[in-house]
Amino acid sequence: MIAITGATGQLGQHVVANLLKTTAADQLVAVVRNPAKAEALSQKGVVVRQADYGDEAALTKALQGVDKLLIISSSEVGQRAPQHRNIINAAKAAGVKFIAYTSLLHADTSPLGLADEHVATEKMLADSGIPYALLRNGWYTENYLASAPAALEHGVFIGAAGEGKIASATRADYAAAAARVIAEDGHAGKVYELAGDHGWTLSELAAELAKQSGKNVVYQNLSQADFAAALKSVGLPAGLADMLADSDIGASKGGLFDDSHTLSKLIGRPSTSLAESVKGIL
């Protein structure tokens, strides 16, 4: 059986949809905190087991009979390392034979502060003795497109990434890679640096929004502090705003760029282009 943590999350839903194309539903285990959110998965025949990331015993129980585990990194920035430790310990106790983990692009050398918890988790996996693969995901195009409505309204797209190139891909792209690695054999020991085929700057994103919407949109580059303050002023929680501003600075240093085309090779098709993604939200 294949278990997936975070199966009802934004990435997890795409992974499960991919797996259902090639794997019998009763061979998939969705490990979720809130089974009510997994009702649609239950109806498709997916096995739903409840466990909280903070409860190692419940996680161990949820992983009984599971051969392969996909750990989709927790969304709770700052709590990821202890939560991931619980899952890895549970996997050991339950006899899981292979783990794939969604890490961060070039985690070991990344200038992004976000990398620290991923590096810590990668070390836990190395120390676990369980064969594993690392899916080092780049940025989701959706992360930036979430700011598009405000940019279209005000004519300005703000950020702090300078002219740093961002080789993003969509959640669906990364999910297709994760589904393949967890469903197939032969991926143990691999480190996949996953990113979009073509990098783009935030100026180019603003230009694409302008081109497709017919509205005037320009990119305004801010300092890290000013960008974080701007995000907080529109209601983002302080921790998230600081993380996003730090990530933009990381992007300005090349932290979100990769041109290995590993992702498109793994999924057997080009990654979704920026133009396609912009078209999808307009």
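For the residue pairs Lys190/Lys253; Lys37/Lys92; Lys37/Lys232; Lys97/Lys123; Lys21/Lys92; Lys211/Lys232, the C-alpha atoms sit more than 20 angstrom apart in Lys190/Lys253; Lys37/Lys92; Lys37/Lys232; Lys21/Lys92; Lys211/Lys232. Taken along its principal axes, the alpha carbon cloud of the chain reaches lengths of 55, 37, 34 Å, longest axis first. Loop sites here are GluC sites (Glu not before Pro) outside DSSP states H, G, I, E and B with no more than 14 other Cβ atoms within 10 Å. The longest part of the chain free of them is 185-282. Evaluated at q = 0.09, 0.16 Å⁻¹, a Debye calculation over the C-alpha positions of region 9-167 (equal weights, vacuum) places log10 I(q)/I(0) at -0.36, -0.99.
What does the C-alpha gyration tensor say about the overall shape of region 229-282? Classify as rounded when a/c is under 1.5, otherwise prolate if a/b is larger than b/c, or oblate. Oblate. Loop-located trypsin sites (Lys or Arg not before Pro) across region 85-166 with a Cβ neighbour count of 16 or fewer within 10 Å are Lys97, with loop assigned by DSSP. Model label sites at Ser260 and Arg33, defined 7 Å from Cα along the beta-carbon direction, differ in position by 3.1 nm.
Quote the relative contact order of the chain in percent (integer), defining contacts as alpha-carbon pairs under 8 Å separated by 6+ residues. Numbers along the way, then the final one.
Numbers: 565 pairs, mean separation 53.3, N = 282.
It rounds to 19 percent for the chain.
Kirkwood hydrodynamic radius of region 186-282, from the reciprocal of the average inverse Cα-Cα distance over all distinct pairs: 15.7 Å.
Taking loop as defined by DSSP and a crowding limit of 16 other beta carbons within 10 Å, which trypsin sites (Lys or Arg not before Pro) in region 175-282 fit? Please report the intermediate quantities before stating the final value.
Numbers: sites: Arg180, Lys190, Lys211, Lys215, Lys232, Lys253, Lys265, Lys279; in loops: Lys190, Lys215, Lys253.
Sparse-neighbourhood loop trypsin sites (Lys or Arg not before Pro): Lys190, Lys215, Lys253.
Let me have the 222 nm mean residue ellipticity of the chain computed from DSSP H runs of 4+ only, each contributing -39500 (n - 2.57), with the sum over all residues rounded to the nearest 500. Rounded to the nearest 500, it is -13500 deg cm²/dmol.
Taken together, the values in this text are just the output of simple stated rules run on the coordinates, not laboratory data. Because the structure is predicted, anything quoted here is derived from the model rather than measured. So basically every Cβ, Gly included, is an ideal-geometry build from the backbone, and we count neighbours across all protein chains shown.
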